[in-house]
Each structure stands twice: as structure tokens, then as C-alpha cells.
Amino acid sequence: MTRQPLPAEPTRQLEDDKVIVTRWDFLSGAETGWHRHLHDYVVVPLVDGVMRLHTPEGNHEIDVKAGMSYRRLAGVEHNVINAGDGHFAFVEIELKASQEGE
């Protein structure tokens, strides 16, 4: 019997014409599922943790520290998994394309 992956829990905090802000909460082993970002985005970890990233290029683990933000470009395809033993959470801020002159 194949075990279904435990889903991470997204909570949309804000969406307007400029940004989409989502908090992601992960129990140990929880994952986002494969997805592709349509916008550039910034991630702000809320707690220390270990993220396992599955990408088309391969898999790797990253130690992240609370408050140590990073950004990625649109088009990134991946699955994020909490590879740590405890709760993990981050806020993801997707930056919608702005119009020239704004």
C-alpha cells in the first residue's frame, strides 16, 4: 500500500494587484506538491528547519534559518518537503508584474 504524502497547509494572507502573500505550515514530512511559480517570489522562513527540494534537476536539502529571506524567479518548478523532525513554516511573497511607470 502506497502512503499518500502529507500536504503542507497554505493560508492566503493577502492578495491584491501587486502581491500574493501565503503562509505555509508543514508538519514533519509534509510537502507542497509539485508546482510552478508564475511570479518572482520571496520566502521568509519563520522557524529554523530543513527543506528538501525536489526539482527536475534533482533533489537536495537546505538548512534554513528563521528570518533569513531568499528569492527565486518565476518559472521555478519544484516540490518542497519538511525534512526536519518538527514543525516548519515560511511566508511566501509572490510579486505580480507591475506596469511601467508605477
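Suppose each label sits 7 Å from its Cα in the direction of the beta carbon; what would the Lys96-Ala74 distance come out to in nanometres?
1.2 nm
Thinking of segment 2-61 as a set of Cα atoms, what percent of all their pairs are more than 17 Å apart?
50 percent
Springs between alpha-carbon atoms under 10 Å, Gaussian network over the chain: tell me which of Asp16, Asp40, Asp85 tops the mean-square fluctuations.
Judging by the Gaussian network model, the answer is Asp16.
Give me P(r) over segment 29-102, computed from all C-alpha to C-alpha distances, binned every 5 Å, as integer percentages.
Spelled out bin by bin, segment 29-102 gives 3, 15, 23, 27, 18, 6, 4, 3, 1, 0 percent.
With labels modelled as points extended 7 Å from the Cα through the Cβ direction, what inter-label distance (nm, one decimal) is found for Asp48 paired with Asp25?
Distance between the two pseudo-spin positions: 2.2 nm.
Throughout, read-outs are computed from the coordinates displayed, never taken from laboratory work. What you see is a predicted model; the values in this text were computed from it and never measured. Cβ coordinates were reconstructed from backbone atoms using ideal geometry, including for glycine residues, and neighbour counts include every protein chain displayed.
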